[in-house]
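The values are calculated or read from the model by the stated rules, or taken from the named source; none is laboratory data. Worth saying up front: this structure is predicted, and the values here are computed from it rather than measured. All Cβ positions, glycine included, derive from the backbone under ideal geometry; neighbour counts span all protein chains shown. Only protein heavy atoms, including side chains, enter the accessible area calculation; ligands, DNA and RNA are left aside. Shrake-Rupley method; radii C 1.70, N 1.55, O 1.52, S 1.80 Å.
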Amino acid sequence: MDTEESSIPKVDRKTLKAEKKKKKKEELLKNLERRELLKEAVANSAKPVPKNILSGLSNDVKGRDYTVSFAIPGSILDNQQTPELRSYLAGQIARAAAVFSVDEIVVYDDEGVKDSENTDLNTKKSRGVEQLSRILMYLECPQYLRKHFFPLHQDLQFAGILSPTDMPHHLRTDDASVYREGVVSDKQVKEGHCLVKIGLKSDCLVNMALKPGIRVTVRLKEGYEFDSKLKGTVVSPSEPRTKAGLYWGYNVRVAPNLSSVFTGSPYKGGYDLSLGTSEKGTNVDTCEMPKFEHLLIVFGGVA
């Protein structure tokens, strides 16, 4: 019994085979293109945040007097199935904060256990709040300081494989910057002074007696790289932003509930502009932002 294929002329069979080969090649090329696009996306996500290092102060340098904060619920980590995914999500949040120059991240507990006597207080933090806040603080801290502030912990098990945020204050030894983050050393020096480890070959002497182990922001003299002994001044962590216009990382604040996000603001007068996110809200491209000093953007939990 003749098959349908045998009834097709030889010329048509060759044409069909050629078309099948062509389709296979096209599918193969599409798959290769998809793989290349995926590789490119992964490579771009691992690229460091562009740095803006300042080697000296001048009158031409303008500071930034406003701040940007956003609040996120810790429950977003509770919905992730594995520790790796929880760490990855926290890393993406830290990277987004670095890219958009966010000054404060508030992690609030939207699933805390209520106190039976005072329903406004949460007696137990959710697991997501603790892990998210710890990873965010770890990724904000310069690499040379992490060993001083972050001992081995289960929450940081996979933090080492995350893409670095590489913020402007994550400086290397050969980076020349008048501002540096440091930790106060326990080495004894003359009265009224202390040494600060700032990620350089030698410690920096500051004219202030501080408790060892605390993190400080140090302003160095211009041309310090040519000095045999480093001397600097302890300044406010906000000075690089307000005087030099540098993005200097973010602060992490843990709020026991949503209302504490607003009432616990570290800024005098609180947040003068608050925005909530919703699928039913106004398109952000059509909104006109009024002037503000302290902006707060609040993200809700996963439904």
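Applying 1/(1 + (r/R0)^6) with r as the Cβ-Cβ distance of Met208 and Met289 and R0 = 45 angstrom yields a FRET efficiency of 0.70. Sequence-distant contacts, meaning Cα pairs under 8 Å at least 6 residues apart, place the relative contact order of segment 177-303 at 16 percent. Taking all C-alpha pairs of segment 169-251, those more than 21 Å from each other amount to 24 percent. Of the GluC sites (Glu not before Pro) in segment 188-242, the ones in a loop by DSSP (not H, G, I, E or B) with at most 14 other beta carbons within 10 Å are Glu191, Glu222.
Projected label points at Ser278 and Leu28, each 7 Å from Cα along the beta carbon direction, are separated by 5.4 nanometres.
The residues Asp186, Asp155, sorted by heavy-atom accessible surface at 1.4 Å with ligands and nucleic acids left out, run Asp186, Asp155 from largest to smallest. Among the trypsin sites (Lys or Arg not before Pro) found in segment 202-251, those both in a DSSP coil and sparsely packed, with 11 or fewer other Cβ atoms within 10 Å of their Cβ, are Lys229.
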